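Derivation of every value follows stated rules applied to the coordinates shown; laboratory data play no part. For clarity, every value in this text was computed on a predicted model and none was experimentally measured. No Cβ is skipped: glycine too gets one built from the backbone with ideal geometry, and neighbour counts run over all protein chains shown.
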Amino acid sequence: MADGLQGTVALVTGASSGIGEATALALAGQGATVAIAARRKDRLDRLALQIEDAGGRALAIEADVTDREQAQALVARTVDELGRLDTVINNAGVMLLGPIVDAPVEEWERMIALNLQGLLYVAHAALGHLLSAADDDPRHVADLVNISSVAGRVARSGSGVYNLTKHGVGAFSESLRQEVAGRHVRVSLVEPGAVATELTDHLRDEVRDMVERRIGEMERMQAGDIADAILYVVTRPRHVAINEMLIRPTEQES
């Protein structure tokens, strides 16, 4: 039986679009108060209004989690204004594919900064609060969900540094899971395959064409499909932990 999220506070990074936006709506729909974070404040404000119009409560916070001080301030403000922190969805990320040979190194730096360092900064700042929430009403359990990718399992040509970052997210998540499992903080890894989001908008034109040829006419998942999976993870009873969830479109072979 699923547990509701009434009386809890969730923080979602990368919430201005796609999976983050859909997840914030899903969590609020289950009764959580939601702090939503991203760099695009105008989009966050619209999302917060949508949540509030549906009867929920949201706090929009403009933040760049690649900056350690901003990541720390994001978590601190969430707790200061909303009173606690029970659930963190570490969703902010970027996918800049392309060959390793002659790659723009700036793209590598951007992925490492957001996919790895930003995720680490938020996790580090949040862990003490999650451990406290796990000792407290209403649920006596807390959740850290790190959003990875099928690229964290399957390495392929043209994805080398993106693969590196997502494999790193998986390794970090499993090590941390073992560290805090006995204290009822659940660390979960969600690994989507092809999803129809803005993720491919940041690709160079020639790389985007390559990706479109590979994906072809595949029916991709929607952001809401991943939000449903995340909601399932964080609403399990206290004694159940979903450690890892790989989700592909039905037609995706690898």
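Condition (residue is in a loop (DSSP other than H, G, I, E, B) and within 23 Å of residue 92 (Cβ to Cβ)) applied to the stretch 165-175: is it met by at least one residue? No, the conditions are met nowhere in the stretch 165-175. The residues of the stretch 176-218 that are of a type in the set (Lys, Arg) and not in a helix (DSSP H, G or I), listed by number, are 186, 204.
Tell me whether the stretch 148-160 contains one or more residues that are within 20 Å of residue 15 (Cα to Cα) and outside any helix (DSSP H, G or I).
Step one: filter the stretch 148-160 for residues within 20 Å of residue 15 (Cα to Cα), giving 148-149.
From the residues that got through so far, the ones that are outside any helix (DSSP H, G or I) too are 148-149.
Yes - at least one qualifying residue is present in the stretch 148-160.
Residue pairs whose Cβ atoms lie under 6 Å apart, separated by 6 or more positions or on different chains, with the first residue in the stretch 241-254 and under 19 Å from residue 183 (Cβ atoms) and the second surrounded by fewer than 16 Cβ atoms within 10 Å (Cβ to Cβ) and charged (D, E, K, R), do not occur. Is there a residue in the stretch 171-181 that is more than 23 Å from residue 116 (Cβ to Cβ) and surrounded by 15 or more Cβ atoms within 10 Å (Cβ to Cβ)? For the stretch 171-181, residues more than 23 Å from residue 116 (Cβ to Cβ) and surrounded by 15 or more Cβ atoms within 10 Å (Cβ to Cβ): absent. Only residues that are part of a loop (DSSP other than H, G, I, E, B), more than 16 Å from residue 150 (Cβ to Cβ) and of a type in the set (Val, Ile, Thr): list them for the stretch 222-254, please. The answer is 235, 240, 242.
For the stretch 133-159, how many residues are surrounded by 17 or more Cβ atoms within 10 Å (Cβ to Cβ), over 23 Å from residue 32 (Cβ atoms) and among the small types (Gly, Ala, Ser)? Here the count works out to 4. Against the test of being among the acidic types (Asp, Glu), surrounded by fewer than 24 Cβ atoms within 10 Å (Cβ to Cβ) and either on the phi < 0 side of the Ramachandran plot or in contact with a Phe, Trp or Tyr (Cβ under 9 Å, 6 or more places away or on another chain) (or both), the options 86, 64 yield a single qualifying residue, 64.
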